[in-house]
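Notes follow the structure.
Throughout, read-outs are computed from the coordinates displayed, never taken from laboratory work. None of the values given here were measured: they were computed from a predicted structure. Note that each Cβ is placed from the backbone with ideal geometry, even for glycine, and that neighbours are counted across all protein chains shown.
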Amino acid sequence: MTDIDISTDILRTAAYQADSAASQINTARIAAGQALADNAFGLMCSPLLLPLYAPFAAAADAMMSSAASAVSSAAANLRETADDFEDHDDQLVHAFHSVEL
């Protein structure tokens with residue numbers, strides 16, 4: 001039977017990296033919402049183009065918000081998995097030490 005080696009340090013590193021990615025996605029979402037001024041297309045074209053742009057901006061904002069939330073959730077799941085593995089290992093060690101020979 002092959003041993004399975006799970007490194008909780010690697011899981012925690014991946015969780016940290018996922019949190020960082022979620023933060024960067026959130027920063028991009030905020031920047032995208034602030035990047036376009038009311039007169040970004042000029043005085044004549046802004047009234048025509050901004051109403052067309054608004055639904056796409058709203059959809060992009062919702063998509064980035066959802067992505068950041070999903071990545072944050074994945075990070076939390078990775079941390080929880082690492083905790084579960086460590087707890088299980090601790091329980092096994094305790095069980096082995098409690099056996100009297």
Pick from Ala22, Ala40, Ala67 the residue whose mean-square fluctuation is largest in a GNM of the chain, springs joining Cα atoms under 10 Å.
Ala40
Between 0 and 90 degrees, rounded to the nearest ten: what's the tilt of helix 42-98 against the longest Cα principal axis of the chain?
0 degrees
Helical mean residue ellipticity (222 nm; -39500 (n - 2.57) per DSSP H run of 4+; nearest 500) of the chain
-31000 deg cm²/dmol
In degrees, nearest 10, the alpha-carbon axis of helix 8-34 is tilted away from the dominant principal axis of the alpha carbons of the chain by 10 degrees
With percent of Cα pairs over 24 Å apart as the read-out, I listed [x] 53; [y] 23; [z] 31; which label goes with the value calculated from this structure?
[x]
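What list do you get for Phe41, Phe96 if you sort them by fewest beta carbons within 10 Å?
Phe96, Phe41
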Can you compute the modelled spin-label distance between Glu86 and Ala40, with each label point 7 Å from Cα toward Cβ, in nm?
4.4 nm
For Ala57 and Ser20, calculate 0.36 nm times their separation in residues minus their Cα-Cα distance, and state this gained length in nm to one decimal.
11.0 nm
